[in-house]
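The values are calculated or read from the model by the stated rules, or taken from the named source; none is laboratory data. Because the structure is predicted, anything quoted here is derived from the model rather than measured. Every residue, glycine as well, gets a Cβ built from its backbone with ideal geometry; the counts of neighbours run over all protein chains shown.
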Amino acid sequence: MDKIKAHFQTKIGDQISEIKDFLAAHGDEKIGDIKVSQLYGGMRGMQALICETSKLDPDEGIRFRGYSIPELQEKLPKFPGGGNEPLPEAIFYLMLMNEIPTDDDVRRLSNNWARRSIVPPHIFKAIDALPVTAHPMTQFTVGIMALQTESEFAKAYKKGINKKNYWEPTYEDAMNLIARLPRIAAYIYRRRYHNGEHIEPDHNLDWSGNFAHMLGFDNEEFRELMRLYMTIHSDHEGGNVSAHAVHLVGSALSDAYLSFSAGMNGLAGPLHGLANQEVIRWIQSMRQELGGGLPSKEEIANYCRKTLAEGKVIPGFGHAVLRKTDPRYTAQREFALQHMPHDDMFLIVSRVYEVVPEILEATGKVKNPWPNVDAHSGQLLMHYNLTEYEFYTVLFGVARSLGTMANLIWDRAIGSALERPGSTTTDLLKEKFAK
Ligand code: HAX
């Protein structure tokens, strides 16, 4: 058993006993009441899931195992020789083990993923069967589904594995999937936008550095961006569409590939991860309509009002849980201020930030007028010439594997229950309250 897996195994028993004792002491206590409006309103605000890897506070934003983004930037290991941003290997280790890793832990994990990263040829053939113009997220989920043939969990289940050991093949699947996603994503990018001229991996680099390299971006600043991007997009507690979908599908003992592809189909929706492409599309159509250049605040405000009048959302703004500016937005803004303060698109994104909240507030219905993660990420990518915005959600998807897979391993380790909430009908509710 590899050292990382063996270290994880030492944690399982304690976690199971902690939950058992906690349930024995408090299992019958209530943590809230459910309003009828929540049943119709997407279950907003209803605490109905356990997710140990991260927790979202409406005002403060995300904390990963208790650490805020600035704390992670300070505490997590960096790429040796001058990296400033945390390594995504480190946040995965933190989420899985509930421990800040050492430089050695992170190097071991990086090497472990490099060893697992070979993608079988039939995955590329499955992707090649799609038209080259298919949306990159469609190509991505097809690639993930094709990889399901490699599932260790599915094989072990067929052989009759004892449920106590489910976590072991799930760990293998999760690690293999994370290790292989950058290759699959880069394949899709080069296939769609660079005439299928693929780039071989460079295993001297870390997971994100190698990903940047295979995409065709070989400068250190872009690699640093990828490290930051992968870290801040990795997890956002349990109830968002992608994380919840992975957990839900996984609860039927669907393996990591089946579960993760379900999450990616959710991420591909414009109210969730696809918002990162929509932001750039929206800014570009505004610029086109205004004849290029840097739009004034008044011009942006008019364009926002037009968007709302057409019954559309302003992408990159609002959130189902957050009620302040997303700290993932702030982290990206700081990166831009440090590396590209005079970039045209950065100036527009900053000006949009100054204009949109007031307009959304004036609608009287938007609960959070502030920007979310997706309002900024595209601008940073555009700056380094990754301009093909339909690819952006794939990057988000690769990052999201870190949190969802750490969770899936834990789900199988503690024997998480099949998720099966009840539903009711409007007639039955009416009957109940008529009495
Ligand atoms: N532009 C216009 N209207 C908006 C809005 C926005 N950015 N944000 C919310 N609203 C509207 C809602 O559509 C809703 O209108 P109706 O009552 O007419 O249906 C009303 O304001 C109340 O919505 P809410 O309670 O404030 O927000 P929700 O929890 O329902 O929705 C969303 C949260 C993120 C889906 C929403 O804010 C939105 O559509 N934002 C734009 C898309 C976006 O940026 N999505 C990415 C979110 C972050 C993420 O998951 N990233 O992956």
| query | Hey, does segment 122-135 have a residue that's under 20 Å from the mean Cα position of the chain (by Cα), in a loop (DSSP other than H, G, I, E, B) and not basic (Lys, Arg)? | reply | yes
| field | Criterion: at pLDDT 95 or above and either surrounded by fewer than 16 Cβ atoms within 10 Å (Cβ to Cβ) or at positive phi (or both) - qualifying residue of 200, 150 | value | 200
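Kindly establish whether residue 366 is assigned to a helix (DSSP H, G or I) and either surrounded by fewer than 24 Cβ atoms within 10 Å (Cβ to Cβ) or touching a Gly at 6+ places or on another chain (Cβ under 7 Å) (or both).
no
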| message | Any residue in segment 333-351 that is touching a residue at least 24 places away in the same chain (Cβ under 8 Å) and more than 13 Å from residue 316 (Cβ to Cβ) sitting within a Cβ distance under 8 Å of a residue that is aromatic (Phe, Trp, Tyr) and not in a loop (DSSP other than H, G, I, E, B)? List the pairs, counting only those 6 or more apart or interchain. | response | 336/346; 340/346
| said: Anything in segment 64-113 that is in a helix (DSSP H, G or I) and hydrophobic (A, V, I, L, M, F, W, C)? List them, or say none. | reply: 69, 72, 90, 91, 92, 94, 95, 96, 97, 106, 109, 113
| task | With the condition kept exactly as written, say whether any residue in segment 358-372 is touching a strand residue (DSSP E or B) at 6+ places or on another chain (Cβ under 8 Å), within 13 Å of the ligand (Cβ to nearest atom), within 26 Å of residue 215 (Cα to Cα) and aliphatic (A, V, I, L, M). | result | no
| Do any residues in segment 401-423 that are over 13 Å from residue 96 (Cα atoms) and among the small types (Gly, Ala, Ser) have Cβ atoms under 9 Å from those of residues that are assigned to a loop (DSSP other than H, G, I, E, B) and modelled with pLDDT of 95 or more, where the two are at least six apart or on different chains, and which pairs are they? | 415/166; 416/50; 416/251; 417/251
| request: Specify which of the listed residues (384, 392) is more than 25 Å from residue 302 (Cα to Cα), surrounded by 21 or more Cβ atoms within 10 Å (Cβ to Cβ) and of a type in the set (Ser, Thr, Tyr). | output: 392
| remark: Going through segment 80-92 in order, the residues found to be in contact with a Leu (Cβ under 6 Å, 6 or more places away or on another chain) and farther than 20 Å from residue 336 by Cα are 89, 90, 92
| For residue 237, which of the numbered conditions (1) away from the ligand (no atom under 13 Å from the Cβ); (2) assigned to a loop (DSSP other than H, G, I, E, B) fails to hold? | (1)
| Qualifying positions in segment 336-348 - among the aliphatic types (A, V, I, L, M) and either near the ligand (Cβ under 8 Å from one of its atoms) or surrounded by fewer than 20 Cβ atoms within 10 Å (Cβ to Cβ) (or both) | 337, 340, 347, 348
| Members of segment 291-307 found to be more than 10 Å from the ligand (Cβ to nearest atom), closer than 24 Å to residue 362 by Cα and either in a helix (DSSP H, G or I) or out of contact with any helix residue (DSSP H, G or I) (no Cβ under 7 Å at 6 or more places or on another chain) (or both), listed by number | 296, 297, 298, 299, 300, 301, 302, 303, 305, 306
| query | Quick one: how many residues across segment 319-343 are over 17 Å from the mean Cα position of the chain (by Cα) and under 9 Å from residue 372 (Cβ atoms)? | reply | 1
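Residues are listed down the side, and each one gets a yes or a no for (1) without any contact (Cβ under 8 Å) to a residue 24 or more places away in the chain; (2) within 21 Å of residue 413 (Cβ to Cβ):
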site	(1), (2)
212	yes, no
219	no, no
223	no, no
229	no, no
251	no, yes
256	no, yes
261	no, no
| said: Can you find, within segment 268-283, the residue that is surrounded by the most Cβ atoms within 10 Å (Cβ to Cβ) among those that are in a helix (DSSP H, G or I) and in contact (Cβ under 8 Å) with a residue 40 or more places away in the chain? | reply: 276
| query | Within segment 154-164, can one find any residue that is within 15 Å of residue 256 (Cβ to Cβ), part of a helix (DSSP H, G or I) and hydroxyl-bearing (Ser, Thr, Tyr)? | reply | yes
| task | Can you tell me which residue among 251, 242, 261 is within 14 Å of the chain's Cα centre (by Cα) and more than 16 Å from the ligand (Cβ to nearest atom)? | result | 261
| request: Confirm whether residue 315 is crowded, with 21+ Cβ neighbours inside 10 Å and more than 27 Å from the chain's Cα centre (by Cα). | output: no
| What residue, among those in segment 5-30 that are among the basic types (Lys, Arg) and over 27 Å from the mean Cα position of the chain (by Cα), is farthest from residue 175 (Cα to Cα)? | 30
| query | Which residue out of 323, 333, 328, 351 is more than 8 Å from the ligand (Cβ to nearest atom), in a helix (DSSP H, G or I) and either surrounded by fewer than 19 Cβ atoms within 10 Å (Cβ to Cβ) or aliphatic (A, V, I, L, M) (or both)? | reply | 351
